[in-house]
Amino acid sequence: MNEIPDVQVVPLRPENAAQSAYCCMSEVPTPWPQALCQCREWISQHLGLHVDGFHLQLESGQVIGHLYYAPSEQALFTYQVEPGVGILYCEWVQQRYQKKGLGTLLFETFINSQKGLHAKGILVETTDIEGQMHFSHYQTRGFQTIAAAGHNQLMYLPLSAATIEVQPRQVKIAAQRHTPVEIHLFRGFLCPYEVSTLQLVREVAQEFGDRVVLKEIWLTQETLDTYGVASGVLINGRRKLAGGESERAVRQAIMEEL
């Protein structure tokens, strides 16, 4: 039976962000509870600064979907984007509630809010990995690819402007092998999946003693300009790890640089 539950879309507020953000991590017990807690705390503290959003909520108050975004002027994003553009960070509807039109309800609420602000359009960085912001999902909504790198595609949905100015940020940390190995952790806490890897890198790096230098950097507009990096881990200036990595993969990535 494919009944549509009674739901409402509610704006993200500090109290519901701290308690129920990232419902993608609460469908089953998350393997990264500490990362989830840190991300919820971060999003509640930076709401209205680097992140805004909507929750899809049942009558009981249970959150079953989310959509997080920021205006281009405040977004912590891989690209430099002209003002007046909405940056869609991520969205999710829990699997048992998918294919009921709820994702469309959530997305249309977001689009209508952006139209109300006279946004030029919406940008989103998609992937070719199923279940992780897959590009085909956005193609069906009218997004067009305007840049691509590796597994990622930057896609744009025009609202009031057919085109916009977008430039990829240039990483300003030189990629070169040296000892001690230099690891930069860029801490923004926008995704528990990515934060889990940051936590693991911090733990594994201690095994190498003074052969590894760990530098933790809080993401701000200023650090974006300084380093040209919006998230993740750089090892000797190279991006070698993604979210959800294993301890073995982290250790191997460091050893390759020694």
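Only the coordinates and a few stated rules stand behind these numbers; no lab work does. Just so it is clear, the structure is predicted and the values come from calculations on it, not from any experiment. Heads up, the Cβs are rebuilt from the backbone with ideal geometry, glycines too, and the neighbour counts pull from every protein chain shown.
Within a straight-line Cα-Cα reach of under 12 Å, K240 can be paired with the following aspartates and glutamates, leaving aside sequence neighbours fewer than 8 residues apart in one chain: E256, E257.
Straight Cα distances below 26 angstrom link K100 to the lysines K115, with same-chain residues fewer than 8 positions distant left out. For the modelled label position 7 Å from the Cα of W218 along Cα-to-Cβ, which residues of segment 75-109 have backbone nitrogen atoms closer than 20 Å? Under 20 Å, as judged by backbone N against the label point of W218, lie 75-77 of segment 75-109.
Per DSSP helix of 4 or more residues, -39500 (n - 2.57); summed, then divided by the residues of the chain. What does that give at 222 nm, rounded to the nearest 500? Numbers along the way, then the final one.
Numbers: 7 runs with 70 residues, N = 258.
That comes out to -8000 deg cm²/dmol.
Residues with beta-carbon under 14 Å from that of A149, excluding A149: net charge, scoring Lys, Arg +1 and Asp, Glu -1? So the environment of A149 carries a net charge of 0. Pair-distance distribution P(r) for segment 105-230, from all Cα-Cα distances in 10 Å bins starting at 0: 10, 29, 35, 17, 8, 1 percent. Other residues within the sphere of radius under 13 Å centred on the Cβ of L67, judged by their own Cβ, net out at -2 (K and R +1, D and E -1).
Using equal-weight Cα scatterers in the Debye expression, the normalised intensity of segment 1-120 in log10 at q = 0.19, 0.23 Å⁻¹ is -1.06, -1.39.
With one equal scatterer per alpha carbon and no solvent term, the Debye-computed log10 I(q)/I(0) for segment 185-258 at 0.16, 0.18 1/Å reads -0.53, -0.67. Indicate the gyration tensor shape class of segment 73-169 (rounded, prolate or oblate), computed on the Cα atoms with a ≥ b ≥ c the square roots of the eigenvalues: a/c under 1.5 is rounded; otherwise a/b larger than b/c is prolate and the rest oblate. Judged from the Cα gyration tensor, segment 73-169 comes out oblate (a/c at least 1.5, b/c at or above a/b).
Calculate, in whole percent, how much of the Cα-Cα pair population of the chain lies beyond 24 Å. Could the numbers behind the result be given before it?
Details: 16642 of 33153 pairs.
So the pairs more than 24 Å apart make up 50 percent of the total in the chain.
Using a simple spin-label model with pseudo-atoms 7 Å out from Cα toward Cβ, R202 and Q19 lie 2.7 nm apart. Mean-square fluctuations from a GNM of the chain, with a 10 angstrom spring cutoff on Cα atoms, peak among R187, R13, R96 at R96.
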